[in-house]
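Just so it is clear, none of the values below were taken in a lab; they were calculated from the coordinates. As the structure is a prediction and not an experimental result, all values here were calculated from the model. Please note: Cβ atoms are built from the backbone with ideal geometry, for glycine as well, and neighbour counts cover all protein chains shown.
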């Protein structure tokens, strides 16, 4: 018995196409996300908005009060993330303790984590990059 399989390059193309289709589906679904009221835990006008920028635009880590407010807002509206222990995996953090340390200001929230938070809360758009070519 002989089983013909596509070569690696063809397999990679199929994976790329299927991943792209899934991403498009997610982007369209994102447009239907519920519109929620702004957070009310802290007055954001008392803080700079540099935590909303991209790195190349002058991003600065958010103040601990902003971190706490944004985390609380997610936890308030989504019961599946109602504790730091439940929120940590969503943000790609291994422990709830680290989230608490960001909220306390012991450590600054890193750009990658913060940008992910902004994206999943609709405060920043998703990044989509143009493929210049498939380079085997």
The stretch 22-33: number of residues that are loosely packed, with under 10 Cβ neighbours inside 10 Å and either outside any helix (DSSP H, G or I) or more than 18 Å from the chain's Cα centre (by Cα) (or both): 2
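Quick check, is residue 5 without any contact (Cβ under 8 Å) to a residue 40 or more places away in the chain and either loosely packed, with under 10 Cβ neighbours inside 10 Å or on the phi > 0 side of the Ramachandran plot (or both)?
Values: without any contact (Cβ under 8 Å) to a residue 40 or more places away in the chain: yes; either loosely packed, with under 10 Cβ neighbours inside 10 Å or on the phi > 0 side of the Ramachandran plot (or both): yes.
For residue 5, the condition - without any contact (Cβ under 8 Å) to a residue 40 or more places away in the chain and either loosely packed, with under 10 Cβ neighbours inside 10 Å or on the phi > 0 side of the Ramachandran plot (or both) - is met.
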Of all residues making up the stretch 34-68, the number that are more than 20 Å from residue 113 (Cβ to Cβ) and assigned to a loop (DSSP other than H, G, I, E, B): 7
